[in-house]
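Take a look at the structure below.
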Amino acid sequence: MTSRKTQDVYMVIGGNGFLGRHIVQQLQERGDIVSAFDIVARYDDVPFYPGDITDQSSVESAIRRSGTTCIIHTASPHASLNKPDVFHKVNVEGTRTIIAAAVATGVRKLVFTSSAGVVFNGTDNIDIDERVPIPEVPMDAYNDTKAKAEALVLEANGKGGLLTVALRPAGIFGPGDRQAMTGFYQVYEGGKTHFQVGDNTNMFDWTYVGNVAYAHLLAADKLDTPPPAPPISSLEKEPLSFDDIPELTDAERQLIEHPVSTIDITTGRHRVPTCEARPLGPYVTPPPNAEKIAAAFENPDHAATPRPLVRTRFDQMSEYGLKREKLRRPEVNPLQVAGQVFFITNGEPTYFWDFPRIIWNELDRYFPGKRTPRSPFVLPKPVGLALASASEWFGYLTGREVTFTRFKVTFSCANRYHNIEKARRVLGYEPQVGLQEGVKRTIEWWYADHMASKNQKK
C-alpha cells in the first residue's frame, strides 16, 4: 500500500472491534507483524493479548512480549452506550495509560482513533477543516471524552521519543458494523423507513471502514517522516509575526501545489475543463494545438494535465493559512504528520436521509416484497424537537430509556461534512471504496451474519 523506511511491529488496541479488526486484516494483507490487545478474544489468526487498557502493567507487558514499535489505539465504547463514567474511564484514563505504557517501553509511534464529532456543537459543520476549534461546551459525553483523549495524544508527541497522530473519521460503516446497521435494520424491520425528520437538505459524511483502516496505516507509515520545513520554534530566533516567518520551502510548496483529482469513486469520472485541457466543441477554425487540448482532456492522469489551483488567504493550505498555523503552534509544522489531527471521510457527502435509503433499498434485494412503497412522512425539525422533548420527559418520569432524543433530531438535521484536503496532501490518503460499493459489501456481510444468527437460534 505504501512505501516504508523501517519495518514496524504493530499492536492494535481494540483489535477485535469493528475498526480494529479491519486494521489488523489490512496489516496482515501487506505482510506486517501485528497483534491484538482487547478485552475478549474473537479471532485466532494473530497473537492476542487480553487486558484492560486502564491497567498500565497489563499494557506494558503486552507491548514487551509482542515487541511492539507502533501502537494503533482504536479501543472505545459504543457512543450509544450512554454511560459517561465508562466513556471517561476508557477514552480518557485508558488513553492516558496507553501513552504512559508506550513511553515506558520505548514505543516509537502511536496512532489514535478520535472522532469527527469532537468539533460538533449542534450547529452546521459545512466543509470544515482541522482549524475548527473543539467547542467549550460539549454536545455529548462521548465526544467530550474523545476530545480530551485526543488532547492527551497530541500533548504526548515528542515525549520520550514517542510520535503521535490523531485521526477523526466520520460516520464509519461497513462489514462488521453492529451499531449503525442494527439501527437501520430495526427501522426496516419495523416498517418505519418512510419516516423522516427535517427536510433532507443537510449534507452528511459517511465513511467506509476499509478507508478509515487504510488511513491509519498511512498515518503510521508517515509518522516519522521529517517535516518539509523545521517548526519555527526550532529557529535561532522564533518569529513573532508574519513578516518574520521564513518563506515556504520547495518541499512545502510541492505538498500544497501539486494537483489533486476530484473524488469520483461513486459518481464516476468527471473533469473540469481548463484552457489547456477541454473538449473542443463546435468551432469555425480550430486552435493551433487543438489535438493536444482534446487529448489532454481525455488523459486519465490528472497530474499530467493539472487544473489551475486557486487559493485565497482563508484557505487552510494557502501560504497565509500555513503561516498563521505556524504562529499558533510554533512547535509543529502544519504539513507534518506527527502531532497533528486529520479528518478522514469518503469525500462523498450525501443528503442525510439518502444514505439510510440506500441501505434499505439494498436490503430489499435480500427481502423482496417486505416493504410497501410509501411516500415519506416528513416531520419538520421544530416538531421533531418538541416530540423528542416530550419523549425525554416521559423517560425521566418513568425511568425508561428513550431512543428518540433531541440530540438525535439535532444530529439528523445538521450539516456535518468535512474537508479532507489536509489528509490527501500530507498523508497521501485517497478513499479506496465508494459509498455505493461500501453499502453493497456491508449488506452482503450483514445478511450472511443475520442468517447465521437466525439458524443458530433455531
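The values are calculated or read from the model by the stated rules, or taken from the named source; none is laboratory data. Quick caveat, the model's predicted, so the values are computed rather than measured. Reconstructed Cβ throughout: ideal geometry from the backbone, glycine too, with neighbour counts over all protein chains shown. SASA here: full protein model, heavy atoms, side chains in, ligands and nucleic acids out. Shrake-Rupley method; radii C 1.70, N 1.55, O 1.52, S 1.80 Å.
Details
- Between residue 158 and 163, 164, the built amide H atoms are under 5 Å apart, and every one of these is 5 or more places off in sequence or on another chain.
- The Rg/Rh ratio of the range 299-413, with Rg taken over Cα atoms and Rh as the Kirkwood radius over Cα pairs, comes to 1.16.
- Computed Kirkwood radius, in angstrom, where 1/r is averaged over Cα pairs of the range 377-458: 17.2
- Taking 20 Å as the cut-off, the amide N atoms of the range 152-195 that come nearer than this to a point 7 Å along the Cα-to-beta-carbon line of residue 447 belong to 173-193.
- Dipole axis of the chain (+1 Lys, Arg; -1 Asp, Glu on Cβ), positive-most option in 48, 94, 162: 48
- With the highest mean first, a sort of the peptides 60-68, 179-187 on other beta-carbon atoms found within 10 angstrom per residue produces 60-68, 179-187.
- Antiparallel beta bridges, as assigned by DSSP with both residues in the chain, represent about 5 percent of the total such bridges.
- Solvent-accessible area per residue, Å², over the chain with all protein chains present [probe radius 1.4 Å]: 50
- Taken along the Cα-to-beta-carbon direction at a fixed 7 Å, the label points for residue 85 and residue 186 span 2.4 nm.
- With kT/(6 pi eta Rh) evaluated at 25 °C and eta = 0.890 mPa s, and Rh the Kirkwood radius from Cα pairs, the range 65-195 diffuses with a coefficient of 149 µm²/s according to Stokes-Einstein.
- Remark on the range 1-119: Rg and Dmax equal 13.9, 42 Å (Cα only).
- Amide H to amide H distances under 5 Å link residue 344 with 168, 170, where only residues 5 or more positions off or on other chains count and H is placed in the peptide plane.
- Dipole of the range 242-328, positive direction: furthest Cα of 285, 266, 322, with charges on the beta-carbon: 266
- Kirkwood-based shape ratio for the range 242-328, expressed as Rg/Rh from alpha carbons: 1.12
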